[in-house]
Amino acid sequence: MRHSILLLVGFCLAAVSVIPLAAADLANGRCQKEIENEIAKVTIPPERVKGTQIVNVYDSNGVGGGRIDRVEGWVSFNDCKGNLVVVVDRNCQAEQSYTTYQCRMPGVKNF
């Protein structure tokens, strides 16, 4: 429950910094290469991918939302409701990957 609330708060805070991207293209996003590398570790057939986006999540310190706390790559699917989320820190180091709602992937946690 706590993780869900933090995820929702983080997503709401980051909503203004979402960069919508083409389904197979994460180009031009912060930490794009590192996020692509983490997604590549999970075998996803291209026809499953509905869309992708990179979200900058800001800390709450300072005026205007502060600095970037972490970056998340979100992959949505054609065959399930939910996402694959790849989280990297502000230095683009991988922190975790997980799926949400109905989407499941072998070896990836689901929340």
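A straight chain from Asp59 to Asn78 at 0.36 nm per residue would run longer than the Cα-Cα distance by 3.7 nm. Convex hull volume per residue, computed on the Cα atoms of segment 55-99, equals 75 Å³.
To the nearest 10, the accessible area of Asp89 is 30 Å² with a 1.4 Å probe.
Over all other residues within a Cβ to Cβ distance under 15 Å of Lys41, the charged ones net out to -2, with Lys and Arg as +1 and Asp and Glu as -1.
The values are calculated or read from the model by the stated rules, or taken from the named source; none is laboratory data. Here the structure is a predicted model, which is why all the values come from computation and not from measurement. Cβ sites come from the backbone with ideal geometry, for glycine too, and all protein chains shown count toward neighbours. Side chains are part of the model used for accessible areas, which takes the heavy atoms of the whole protein and leaves out ligands, DNA and RNA. Shrake-Rupley method; radii C 1.70, N 1.55, O 1.52, S 1.80 Å.
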